[in-house]
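Notes for the one structure printed next.
The values are calculated or read from the model by the stated rules, or taken from the named source; none is laboratory data. Because the structure is predicted, anything quoted here is derived from the model rather than measured. Methodologically, a virtual Cβ is constructed for each residue, glycine included, from the backbone with ideal geometry; neighbour enumeration extends over all protein chains shown. What goes into the accessible areas is simple: the full protein's heavy atoms, side chains included, and nothing from ligands, DNA or RNA. Shrake-Rupley method; radii C 1.70, N 1.55, O 1.52, S 1.80 Å.
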Amino acid sequence: SSGINAEWPLRPGLQHTSRRLLSTSNKEVLLTYPESHPGIALLALNRPPVNAVSLALGAELRASLAEIKERKSLQGVVLYSTVGKIFCAGADLKERLFIKEEDVPGMVRTFRLMIQDMAELPMPVICAIDGVAMGGGLELALGADIRVCSTTAKMALTETKLAIIPGGGGTQRLPRVVGVSKAKELIFTGRNVMGEEAEKIGLVNCCVEQNEEGNAAFVKAMEMASVLQERGPVALRMAKKSITEGFEAGPIRAGLDVEHECYLGVIPTTDRIEALMAFKEKRKPNFKGE
C-alpha cells in the first residue's frame, strides 16, 4: 500500500480548501523530498493562476532538475501542479509580448533544453496531469517517462492557433508517443484531447476518475512512485538508459548492444547481491543505489 489517498495529497507547504490545494510558498517551482517516501522527489509547478512558463519559472525548474540529477539514491520523480484544475497552460504569452523578435529563438531554445534536462534525468519521471496542459505545458509532460491524468484533464498542442509550431520538442516527442499520423492531426488542428481519449491514443499511460479534491492523477502517480521505492535505484537508471538509448539507436541489434552495456552496469553493484541475499533470507531488500 502506498499510504496515499485523496485526503492526504502529500503536498508540503499547502493549505486545504474546500475544493483544492493552494501553495503558501512564493517560489514558482517547489522541490521536496518527503520523509514518508524516501527515494522520491516531488517537483511542483507553483505559479498561479495557470502555471504559465515565465523566464523565472524556467530558471527555477532547470536549477531543481540539476539538483535532482545529482541525487544518486533517488528512485523516481513526481512532477505535478499545486494549482487547482491546471497542470500548465504553456508559455507566458504576456511576457513574450515584451521580448524582442531577435531574442525569441534563444528563449525557445532555453525552454527546449529545460524539457530535455528533465527527459535526460537518469531516474524515472512520472507526470501527474490533474487539469489543463496546453502548448508548452503538454510538451513539458511529454518530457516525462510516464504520464497519468484524471478524467478532467484537457491537453493540446495549440501552437498553430498562434501561427507558430511547438518549439519545446512537441513535434518530436508526440510522434514517438502516439505515432506520426495521430501527432500530425493533433498538431495541425491544435484540438483538445480529454483524459479518456488521451489514454486511448497512448498520450498518457492511464486515466483515473477525478476525485473531490481534484488530485486523482497525483494520488495515482504517488502510488506508482511507491512501487519504484521498492526497486533498485541503479537498475531503474540502467533500465531507463537501455530503453531510451536503445530505442533511438535504430536497428534492434544496435539496441541489443545498448542493453548489454546497461546490463554490465548492474552486475558489479552491491544492490544486486543484496537482492539475492534478501531472496534467500525471505526478506525485503535494502537497496543503497550502489
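Just a few scattered comments:
- If you go through region 72-103 and keep only what is surrounded by fewer than 16 Cβ atoms within 10 Å (Cβ to Cβ), out of contact with any Lys or Arg (no Cβ under 8 Å at 6 or more places or on another chain) and at pLDDT 85 or above, you end up with just K72.
- Inside region 23-59, residues that are open to solvent by less than 30 Å² (accessible area, probe 1.4 Å) and over 25 Å from M224 (Cα atoms) make up a count of 5.
- Test: residue in region 248-262 that is at pLDDT below 95, open to solvent by less than 30 Å² (accessible area, probe 1.4 Å) and either in a helix (DSSP H, G or I) or not aromatic (F, W, Y) (or both): no
- Failed condition for I126, given (1) part of a helix (DSSP H, G or I); (2) within 9 Å of the chain's Cα centre (by Cα); (3) under 22 Å from M238 (Cβ atoms): (1)
- R62 being open to solvent by 60 Å² or more (accessible area, probe 1.4 Å), at pLDDT below 90 and out of contact with any Phe, Trp or Tyr (no Cβ under 9 Å at 6 or more places or on another chain): no
- In this structure, M118 qualifies as modelled with pLDDT of 95 or more, touching a strand residue (DSSP E or B) at 6+ places or on another chain (Cβ under 8 Å), of a type outside the set (D, E) and closer than 23 Å to S64 by Cα.
- Failed item, numbered, when S73 is tested on (1) under 14 Å from the mean Cα position of the chain (by Cα); (2) part of a loop (DSSP other than H, G, I, E, B); (3) among the polar types (S, T, N, Q): (1)
- Any pair with Cβ under 6 angstrom, 6 or more apart, that starts in region 159-178 at a residue that is without any contact (Cβ under 8 Å) to a residue 12 or more places away in the chain and ends at one that is among the hydrophobic types (A, V, I, L, M, F, W, C) and open to solvent by less than 90 Å² (accessible area, probe 1.4 Å): P175/A183
- Against the test of being among the small types (G, A, S), open to solvent by 30 Å² or more (accessible area, probe 1.4 Å) and more than 14 Å from the chain's Cα centre (by Cα), the options G131, G106 yield a single qualifying residue, G106.
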